[in-house]
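The values are calculated or read from the model by the stated rules, or taken from the named source; none is laboratory data. A quick note: this is a predicted structure, and the numbers were derived from the prediction, not measured. Glycine also receives a Cβ, built like all others from the backbone with ideal geometry; neighbour counts cover every protein chain displayed.
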Amino acid sequence: GLSSARAAEILARDGPNALTPPKATPEIVKFLRQMIGGFSILLWIGAGFSWISFGIQLSQGTDSAFDNLYLGVVLALVVILTGIFAYYQEAKSTNIMASFSKMIPQQALVLRDAEKKELPADQLVVGDIVEIKGGDRIPADIRLIFTQGCKVDNSSLTGESEPQSRSCDFTHENPLETRNIAFYSTTCVEGTATGIVINTGDRTIIGRIASLASGVGNEKTPIAIEIEHFVWLVAGVAISIGVLFFIISVSMRYKILDSIIFLIGIIVANVPEGLLATVTVSLSLTAKRMAKKNCLVKNLEAVETLGSTSIICSDKTGTLTQNRMTVAHLWFDNQIYSADTSEDQTTQPFDQSSPSWTALSKIVTLCNRAEFRPGQENLPIMKRVVVGDASETALLKFSEVILGDVMSIRAQNKKVAEIPFNSTNKFQLSIHETDDPHDKRFLLVMKGAPERILERCSTIMINGKEEPLDNEKAEAFQTAYMELGGMGERVLGFCHLYLPENEFPESFQFDTDSMNFPTSNLCFVGLLSMIDPPRSTVPDAVSKCRSAGIKVIMVTGDHPITAKAIAKSVGIISATSETVEDIAKRLNIPVEQVNRREATAAVVNGMELKDMSSEQLDAILREHAEIVFARTSPQQKLIIVEGCQRQGAVVAVTGDGVNDSPALKKADIGIAMGIAGSDAAKNAADMVLLDDNFASIVTGVEEGRLIFDNLKKTIAYTLTKNIAELCPFLIYIIASIPMPIGTITILFIDLGTDIIPSVALAYEKAESDIMNRRPRNKRKDRLVNHQLAVYSYLQIGIMQSVGAFVTYFTVYAEQGFLPSTLLGVRVNWENTNINDFEDSYGQQWTYYQRMYLQWTGYTAFFVSITIQQVADLIIRKTRRNSIFQQGLFRNKVIWVGIFSQIGIASILTYGLGHVTALNFTPLRFQYWFVAVPFAILIWVYDEIRKLLIRRYPGSWWDKNMYY
Amino acid sequence: GLILLFYLVFYGFLAALFTFTMWVMLQTLSSDIPKYRDRISSPGLMISPKPDTALEFYFNRSDSQSYSEYVTTLQNFLESYNDSKQSQNIDCTRGKIFDQSDAAVKKACRFNITELGQCSGKEDKNFGYSKGTPCVLVKMNRVIGLKPEGEPHIQCTPKEEGMVNINYFPPNGAMDLMYFPYYGKSLHAHYLQPLVAVQLAITPNGTKEEIAIECKILGSPNLKNQDDRDKFLGRIAFKVLMSE
């Protein structure tokens, strides 16, 4: 091997043997992005204006100059705190993933300085000689120089699930094909090998693919686009109203400085400061809920992407299927029996009374080398670990389920000779003593490829009796074999022979090399067919997808027949639909003559896909509702994903191998398998499926759709009160009344009373079966559509404003200022030198007394908005259904929200009512109820709106009022 | 079209609802006294004349133009205290609260302008501004139902001694209890609030100097004069700068 010194030199030259992690955005950039993203810019502008007016007022020596300084500081604090919050939320969800990639450091057995050493795999360098054995992960790309029964599992690289044998022979020019190279990150399944490291780190085949994946651009998630759209909308409203009223106030001869202060107020009133934080919290709540359902979301926004998914490209093995061979059908006595293939089978229901079955079961039990690992007696049979290949495992479990303790049966039928399966004779044979002490004959049992087995038989067992194998019976066999094979199942034939006692006495020495025993003229007993069966939850999940308008496309490396059979059994290809080939077969015409439009299903072979232009692929994706791609390489997955995206679909893709990572990255949402998935796949994916189960994707879709609906509700709820915050400024400017609400007070609504209720809407249950809707159209179904904005702003918002103004006028009138007195008083009202300001009753007020009254007005306005927001919260629970259909008390969190809202308002009013800086004052109890009739009106009005929407779907009302 | 109609009806309804609730609310109010007076439990002090800018008097005693505005203000202010305007007012018992809560028609007490002595404008049309003894009238804000206790009187103190001598009219700056309580604009139409004239006799030392003066209401336990936030509650501060 290399000397340590030389190895260190090379290590210094090439770097460690590890994949460079994808370039992460520096934390500080992420943080700054939160600081200036969304509404933050607007608030910074507000803060800037505050400081400018502070500067001007300070130089003019105005007393109240510091108010503006504080306001600016508060606005800046709001931005910074919400920024920190959003950053923290994002970091928290990213951390879940970071734990994934932190794996136990891999060790490698290396020959260094002529000694075998255990070294961390990242210390390997080119030229090192490493030893590997069954169960190891290959630590680098290595060329093998010595092998012993070595098999590697290249599935993470090529998608082929069958282990491939490796030797020292150079068999192919292509490094991926040749037998003497083992690749980094694949696993050695059995045997041992020694090899020379030829590539390390990013220069390995896997490394190259991984860097290819990081080259595929990350596109904006649908929800990010929606939120951006919404921010633009609100910012547009804020800026245009702000500028409009700036112009109005300037032309009304307000001082420029005052106009700027109005502008700040209008911006603050318009911007829902707490909303983006609320959205983040809602998304992370959903992410948590999804994690419980085995969908681990890496990127918060992916939560919703899953909900808008319109095509799912799913792997077959492990995702749709159980990833375990299971006996599906049996054929004996000229009859096909179906076996139970569910995950937790404990018995088999088919008829087991026939003596043929007894014979067959004996062969199945005895002619099998697989064994359970010891110490698993308490586990369910299907969960036990077996040493042996997939088919033998299936047979072992099958017989264990039916017959019970297989190992003791084998012990009673002692094995005296055995020929293991090999690819030349394609059968497996063993000879046993029988468990009947009076029967001294030996029993020869054999299983293998059905046609080969049949060749060796001259009789066939029917109902326990040997009958000659005539043409008719051979034909019956052929039909059964074809039928089972046509279902995509792997079929095995079983036969036996009791060796005559006179020829083979008890002491007979069997020699497997010279085969001193008959291997022909045997008695055929039956067929067993196996398949990797679909997971039992999958058919239901697929039909849910179907009703949810999501197209499920199967992409697999498997044989088309198997793929189609599984697709049929899980419903990806429905029972009634036909492929072009099916139609051709039914009508007995050549494939070319079939009208392609009649075929709803299509099974596309990877070989055909290779020669297809992208237009042809588009045509297939467009014309067929049910598509299976078989024999595809992971690279072709990327092509399929791109094809789907060209249709305008939001595509979810599952994958586990390293080669899947470009497709996972390219897809709108890449879903990696948590159990079978490679690290590279998990890195490239947006979501990790902890149980590898397709059904979990569907529950994820459901959650994603729900959160989209609920975010709509949250936004509608939040936007509504913005009008009630904005109107005071507008009326203040136009009618010159005393200021109804302060900027700080607005912040207390936006970031105080409203936060918990808007998060509570994220817990709202779906109104109807959201899985019966089509996926949302990215271009048409916006998160914030104009109906939502108009209904919130121009209807409920205005109602709230009216209610709040009634409270405001009531407070002033009951203290002596009738509404008529208030109009136009602004200039004198705010003049600090007027300390004998006369009210409607002839009383005189000092400036401070007026200000105190003004703050009472703020508090009253604030309380009214809060009370009406309770009604707003209740009506936002549903968009179409009546609240009474939805259940007023089903979502308990809503009530937490309502109580928190009233609680916070009470604390602000009565607890902090004496802190003048906050501009709250204690408020008479009855003012809390002035807005209650308006709150009730809001509720009643919204119920009427929903009733009309339900009664007259598609009407003018529905079109304009449903958001 | 339909949208416009809808909003017309919608906003029409809201406007009607607003008007109706406001009307209902106003019906619950009395036209005589406001429902609550807790925000003005203690009255503020104010002076007349009140300079436009801050409460700072700048004038030249020899330039009548420089103080004419103050003089006019005072004259106008005292207009309503003329005897001719007080014909319906009655002479009340001095030193006693004039409680008329049972009376349907509230009478106003006569405030005899001569009580303001040299500051009444009768003897000196210029209220002393030309002589270096400018007058400032101190009044207390009207608050309905307020009944001062004790013997309220105004006392003014200059910040620095020796620049100004202060005389009060009526003597001691007393505010007579008979002017209280006030019953509000509609019931008590002819009410005149009591005045205290403060004559600032500026000494030669004080000429050309800015003199800061603070006046307070004293002698009544229920009239506050020391509030940290409200600088006008029971007190008032102003500055005088007289040149020659």
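Just a few scattered comments:
- Subset of segment A:537-557 [surrounded by fewer than 23 Cβ atoms within 10 Å (Cβ to Cβ) and within 21 Å of A:Leu484 (Cβ to Cβ)]: A:Pro539
- Residues in segment A:904-954 that are among the polar types (S, T, N, Q) and in contact with a Gly (Cβ under 8 Å, 6 or more places away or on another chain): A:Asn919, A:Thr921.
- Applying the condition of being in a loop (DSSP other than H, G, I, E, B) and among the hydroxyl-bearing types (Ser, Thr, Tyr) to segment B:178-235 and asking which residue is farthest from B:Cys135 (Cα to Cα) yields B:Ser186.
- Candidates B:Ala108, B:Ala103, filtered to the one that is over 21 Å from the mean Cα position of the chain (by Cα), of a type outside the set (Phe, Trp, Tyr) and under 23 Å from B:Tyr182 (Cβ atoms): B:Ala103
- Look at (1) more than 14 Å from chain A (Cβ to nearest Cβ); (2) buried (at least 22 other Cβ atoms within 10 Å of the Cβ) and you find that B:Gly132 fails only one, number (2).
- Helices (runs of 4 or more DSSP H) wholly inside segment A:878-963 that include at least 2 residues being more than 14 Å from chain B (Cβ to nearest Cβ) and under 30 Å from B:Gly1 (Cβ atoms): A:932-951
- Candidates A:Asp14, A:Asp63: the one that is surrounded by 14 or more Cβ atoms within 10 Å (Cβ to Cβ), modelled with pLDDT under 85 and among the acidic types (Asp, Glu) is A:Asp14.
- In the set A:Ile675, A:Ile640, only one residue is within 21 Å of the chain's Cα centre (by Cα) and crowded, with 24+ Cβ neighbours inside 10 Å; that residue is A:Ile640.
- Residue check, A:Asn294 surrounded by fewer than 24 Cβ atoms within 10 Å (Cβ to Cβ) and in contact (Cβ under 8 Å) with a residue 12 or more places away in the chain: yes
Here's the yes/no breakdown for (1) touching a Pro at 6+ places or on another chain (Cβ under 9 Å); (2) among the small types (Gly, Ala, Ser); (3) outside the structural domain of A:Leu638 (by the TED database); (4) part of a helix (DSSP H, G or I):
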site	(1), (2), (3), (4)
A:Arg546	no, no, no, yes
A:Ile553	no, no, no, no
A:Ala584	yes, yes, no, yes
A:Glu592	no, no, no, yes
A:Val603	yes, no, no, no
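- Candidate set from segment B:184-216 (those that are of a type in the set (S, T, N, Q) and within 21 Å of B:Ile113 (Cβ to Cβ)); member that is surrounded by the most Cβ atoms within 10 Å (Cβ to Cβ): B:Gln199
- B:Ser120 being within 18 Å of the chain's Cα centre (by Cα), surrounded by 13 or more Cβ atoms within 10 Å (Cβ to Cβ) and more than 14 Å from chain A (Cβ to nearest Cβ): yes
- When A:Arg705 is tested against the conditions (1) surrounded by 22 or more Cβ atoms within 10 Å (Cβ to Cβ); (2) more than 26 Å from A:Tyr791 (Cα to Cα); (3) not small (Gly, Ala, Ser), the lone failure is (2).
- In the condition set (1) among the β-branched types (Val, Ile, Thr); (2) touching a helix residue (DSSP H, G or I) at 6+ places or on another chain (Cβ under 9 Å); (3) farther than 14 Å from B:Asn141 by Cα, B:Ile213 is compliant with all but (2).
- The lone exception for B:Arg39 - which of (1) at pLDDT below 90; (2) more than 8 Å from chain A (Cβ to nearest Cβ); (3) surrounded by 15 or more Cβ atoms within 10 Å (Cβ to Cβ); (4) in a helix (DSSP H, G or I) it fails: (2)
- Among (1) more than 14 Å from every other protein chain (Cβ to nearest Cβ); (2) crowded, with 17+ Cβ neighbours inside 10 Å; (3) not in a strand (DSSP E or B), the one test that B:Phe59 misses: (3)
- Restricting attention to segment B:140-177, the residues that are closer than 26 Å to B:Tyr70 by Cα, outside any loop (DSSP other than H, G, I, E, B) and more than 14 Å from chain A (Cβ to nearest Cβ) add up to 16.
- Among the residues of segment B:105-139, those that are in contact with an Asp or Glu (Cβ under 9 Å, 6 or more places away or on another chain), farther than 17 Å from B:Tyr67 by Cβ and either of a type in the set (Gly, Ala, Ser) or in a strand (DSSP E or B) (or both) comprise B:Cys109, B:Gly117, B:Lys139.
- Restricting A:Thr347, A:Thr393 to residues that are in contact with a helix residue (DSSP H, G or I) (Cβ under 9 Å, 6 or more places away or on another chain) and among the polar types (S, T, N, Q) narrows the list to A:Thr347.
- The residues in segment B:217-244 that are more than 14 Å from chain A (Cβ to nearest Cβ) and surrounded by 15 or more Cβ atoms within 10 Å (Cβ to Cβ) can be counted, and the count is 6.
- Cross-chain or 6+ apart pairs with Cβ under 7 Å, segment A:800-817 first and farther than 24 Å from A:Leu719 by Cα and facing chain B (nearest Cβ under 9 Å), then basic (Lys, Arg) and surrounded by fewer than 24 Cβ atoms within 10 Å (Cβ to Cβ): A:Glu814/B:Lys35; A:Gln815/B:Arg39
- The set of residues in segment A:295-332 that are touching a Lys or Arg at 6+ places or on another chain (Cβ under 6 Å) and aliphatic (A, V, I, L, M) contains only A:Ile311.
- Candidates in segment A:828-851 are the residues that are assigned to a helix (DSSP H, G or I) and without any contact (Cβ under 8 Å) to a residue 60 or more places away in the chain; of these, the one that is nearest to the other protein chains (Cβ to nearest Cβ) is A:Tyr848.
- Exactly one residue out of B:Ile97, B:Ile33, B:Ile3 is surrounded by 14 or more Cβ atoms within 10 Å (Cβ to Cβ) and within 12 Å of another protein chain (Cβ to nearest Cβ): that is B:Ile33.
- Here B:Ile33 qualifies as in contact (Cβ under 8 Å) with a residue 24 or more places away in the chain, more than 18 Å from the chain's Cα centre (by Cα) and under 30 Å from A:Leu923 (Cβ atoms).
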